[in-house]
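The values are calculated or read from the model by the stated rules, or taken from the named source; none is laboratory data. From a predicted model like this one, the values you see are computed outputs, not experimental measurements. Please note: Cβ atoms are built from the backbone with ideal geometry, for glycine as well, and neighbour counts cover all protein chains shown. When the accessible area is computed, the model is the full protein with side chains, heavy atoms only, and any ligands, DNA or RNA have been set aside. Shrake-Rupley method; radii C 1.70, N 1.55, O 1.52, S 1.80 Å.
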Amino acid sequence: MAANDDYILEILIENSLVSKEQVDDARSEVKPGKGVLHVLIEQGLITQEDVSRAVASNAAMDFVSLDGIIVTGDVLALISAEAARRYRAVPVALTELGGVVVAVDDPLNFDTLDGIQALLGREVEFLCTTPDSMKAALMKYYGTAEDAVASMENIAGGIQIGGQAVDVGGVAGETGDAPIIKLVTMMLVEAYNSRTSDIHVEPLEKRLRIRFRIDGVLHEMQNPPKKLQAAIVSRLKIMTGTMSIAEKRLPQDGRIQVKLGKKSLDLRVSTIPTAHGESVVMRILDKSSLSLGLPQLGFLSDDQETFERLLRLPDGILLVTGPTGSGKTTTLYACLNYINKPDKKLITVEDPVEYQMSGINQVQVNAEVGMTFPAALRAMLRQAPNIIMIGEIRDPETANIAINAALTGHLVFSTLHTNDAPSAVARLVDIGVQPFLVSSAVRAMLAQRLVRKVCPNCKAPVELTDAEVKSLGIDPTQLVGATVQQGVGCEKCKGLGAKGRMGIFEIFEVDDEVRHMINTRATTVDLRKRAREMGMRTLREDGIRKVLSGMTTAEEVISATMSDAS
């Protein structure tokens with residue numbers, strides 16, 4: 001604290017955080033560069049947070065830990081790096097009335113408060129944080145690449161890329177590139193620590209935008225200068241080892257292998273030319289998701305029992321449907337993980353192979369050399385597999401080979417892009433499969449969406465609004481005994497109130513009557529009606545169960561099931 005220590009000590013004594021005797025004893029330990037407050041903290045009588053909270057209360061400010069807050073790039077741009085360091089202040093958010101919420105670590109320094117107010121020229125709401133939290137935030141949002149790497153090494157416990165340790169000082173003859181190497185490595189570590197699924201490096205007209213997708217929602221991060229755009233993109237291409245830094249006119253794809261301490265990550269890299277430079281998207285493929293069980297995917301006990309029974313079928317096709325980004329691939333891998341036993345031969349054909357699993361033969365599609373989905377499937381069937389996984393059925397030839405494989409004693413998993421489970425039948429027929437083949441081969445269809453889970457660390461009971469009850473179509477009797485919850489925001493969820501995602505599902509099993517309906521080309525509406533008669537819960541109904549159990553929020557389910565509203 002830069003303010004008068006004696007005044008702060010009076011505040012601590014008034015709040016009974018320390019006694020006058022303890023303060024007097026600490027004065028005898030004072031040395032150059034070590035004041036009374038420092039001694040009290042060293043002795044464990046108080047903490048830095050105790051001091052900041054007490055001073056904040058005295059200044060009529062709220063206390064905040066900046067570790068649990070994600071600050072977007074547009075907010076950070078309100079205060080320059082130079083001003084942020086000078087005032088030791090970080091803008092945190094915008095208020096509904098256009099003001100700014102700013103965190104400081106010295107609420108008793110009125111010159112700082114007045115300076116920030118004059119700099120911003122608008123209403124400012126101040127929060128107080130600890131000096132250590134402020135130091136970390138300044139480094140994170142405004143620090144140099146050198147500062148970031150120093151912190152990064154502590155966080156990650158050592159970083160390796162492509163199996164080799166990163167030389168953060170550059171390599172011989174490339175010392176001028178060292179800051180870029182550090183900056184890119186810092187970005188990857190920050191993405192991993194934030195549970196990011198995708199990193200978006202987007203060139204705009206006057207700036208380079210960095211966004212992280214966390215639990216399905218994009219968050220803008222601190223943006224590097226526009227002048228570093230070409231160097232950052234080139235560095236990412238070099239890290240793949242396969243992409244050309246000279247080619248800027250055509251899309252390219254590659255992979256980066258990253259080792260953070262003992263953690264191994266794969267990044268799938270894609271570039272595409274845009275009006276203002278090459279846009280780069282990196283999908284982080286976290287191998288820990290391969291070990292997910294069905295409960296972790298979001299299956300409740302009754303649906304899990306049904307799905308496990310389907311996984312034990314000797315043959316037929318199980319289809320997982322949903323739009324892009326609905327978690328279909330993760331569900332397929334969880335299925336393979338569940339049935340991957342030494343007495344079964346499993347083969348997959350994928351484009352691309354996202355996760356490498358032990359005990360499974362995985363085939364990469366490569367159209368350039370003739371290894372298409374149909375060609376790979378024909379070759380796979382000669383390998384005498386028990387179980388086949390096809391990344392996606394997208395053409396008549398692939399569909400027919402999959403159907404024939406199912407009819408000749410193989411269990412086949414695959415995905416389709418449809419909005420709900422019954423629509424998968426119409427989609428297969430549209431592709432070109434005869435209805436009698438669909439009815440004979442398909443055993444069940446699973447539709448799914450992803451919703452964010454309530455943070456278990458900061459969840460608190462809430463009541464559904466009348467609008468939410470009406471929108472979801474919840475019967476008031478369902479609310480009796482319900483435990484609706486919502487996260488209030490904490491350090492572990494980065495202030496978002498949500499941490500991780502789970503699936504909501506609808507399972508449509510094919511029985512004899514459904515087979516007859518498919519053969520007679522029944523409409524999707526009729527198939528859906530029959531599915532409901534058989535007891536199928538819709539995506540929205542499964543979501544409602546999870547809202548009433550406190551697992552997710554009404555807002556998430558409403559957003560994910562807009563097409564299911566009827």
Euclidean distance between Cα centres, segment 38-100 to segment 414-461, Å: 46 Å
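Using a Förster distance of 25 Å, how high is the FRET efficiency between GLU308 and LYS492, based on the Cβ-Cβ distance and rounded to 0.05? Working shown, then result.
Values: r = 32 Å, r/R0 = 1.26.
So the FRET efficiency works out to roughly 0.20.
Residue separation times 0.36 nm, minus the C-alpha to C-alpha distance between ASP132 and MET534: what's the value? Write out the running numbers ahead of the final one.
Values: separation 402, 0.36 × 402 = 144.72 nm, distance 5.95 nm.
Length difference between fully extended and current span is 138.8 nm.
Largest first, how would LYS140, LYS341, LYS206, LYS492 line up by accessible area (1.4 Å probe)?
On the way: LYS140 65, LYS341 100, LYS206 170, LYS492 125 Å².
Most to least solvent-accessible, the answer reads LYS206, LYS492, LYS341, LYS140.
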Integer Hz, Karplus 6.51/-1.76/1.60 couplings in order for segment 489-502, x for Gly and Pro: x, 8, 5, 5, 9, 6, x, 8, x, 9, 8, x, 10, 9
Segment 316-448, relative contact order in percent, only Cα pairs under 8 angstrom and at least six apart counted: 39 percent
Between GLY500 and residues 5 or more places away or on another chain, which pairs have amide H atoms under 5 Å apart, with H built 1.01 Å from N, and which residues are they? LYS453
DSSP loop GluC sites (Glu not before Pro) in segment 180-223 with at most 15 other Cβ atoms within 10 Å of their Cβ, which ones? GLU205
Please give me, ordered by residue number, the trypsin sites (Lys or Arg not before Pro) of segment 380-486 that lie in loop per DSSP and have at most 14 other Cβ atoms within 10 Å. ARG382
Calc'd 3J(HN,Hα), segment 211-221, phi into Karplus 6.51 cos²θ - 1.76 cosθ + 1.60 (θ = phi - 60°), Hz, glycine/Pro = x, comes to 10, 10, 9, 10, 6, x, 10, 7, 10, 7, 9
Compute the relative contact order of segment 295-377 as a whole-number percentage, counting only Cα pairs closer than 8 Å that sit 6 or more residues apart in sequence. 17 percent
Computed FRET efficiency, Cβ-Cβ of GLN383 and ARG443, R0 30 Å: what is it to the nearest 0.05? 0.85
Mind grabbing the accessible area of ARG532 for me, 1.4 Å probe, Å², rounded to tens? 100 Å²
If you add up the charges near LEU127, with Lys and Arg at +1 and Asp and Glu at -1, over every other residue whose beta carbon is less than 11 angstrom from its beta carbon, what do you get? -3
Counting DSSP beta bridges in segment 1-130, what percent are antiparallel, to the nearest 5? 45 percent
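Leaving ligands, DNA and RNA out of it, report the carbon-plus-sulfur percent of the accessible area of the chain at a 1.4 Å probe. Each step should come with its number before you reach the end.
Numbers: 13260 of 26710 Å².
Result for the chain: 50 percent of the exposed heavy-atom area is carbon or sulfur.
How much length would be gained if the chain were fully extended between THR524 and ILE41, taking 0.36 nm per residue of separation minus their Cα-Cα distance, in nm to one decimal?
167.0 nm
Calculated from DSSP H runs of 4 or more alone, at -39500 (n - 2.57) each and per residue, what is the 222 nm mean residue ellipticity of the chain, nearest 500?
Working: 23 runs with 216 residues, N = 566.
Dividing the helical sum by the residues of the chain leaves -11000 deg cm²/dmol.
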Expressed per residue, the solvent accessible area of the chain in Å² (1.4 Å probe) is about 47 Å²
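With a sphere of radius 13 Å drawn around the Cβ of PHE299, what net charge do the other residues whose Cβ falls strictly inside it have (Lys, Arg +1; Asp, Glu -1)?
Numbers: positive: ARG309, ARG537, ARG545, LYS546; negative: ASP302, ASP303, GLU305, GLU308, GLU506, ASP542.
Net of charged neighbours comes to -2.
In whole Å and largest first, what semi-axes does the C-alpha gyration tensor of segment 400-465 yield when each eigenvalue is scaled by 5 and square-rooted? All intermediate terms of the calculation are to be shown ahead of the outcome.
Working: eigenvalues 286, 40, 16 Å².
Result for segment 400-465: semi-axes of 38, 14, 9 Å.
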Placed amide H near ASP62: partners under 5 Å, 5+ positions off or other chain: CYS128
Enter the accessible area of MET187 (Å², nearest 10), with the probe set to 1.4 Å and all protein chains included. 20 Å²
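Between GLN362 and GLN296, what length in nm is gained on full extension when 0.36 nm per residue of separation is reduced by their alpha carbon distance?
Numbers: separation 66, 0.36 × 66 = 23.76 nm, distance 2.41 nm.
Fully extending the segment from GLN362 to GLN296 adds 21.3 nm.
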At a 4.7 angstrom Cβ threshold, list every cysteine in the chain that has nobody to pair with, or say none. CYS128, CYS335
Contact order relative to length for the chain, counting C-alpha pairs under 8 Å separated by 6 or more residues, stands in percent at 10 percent
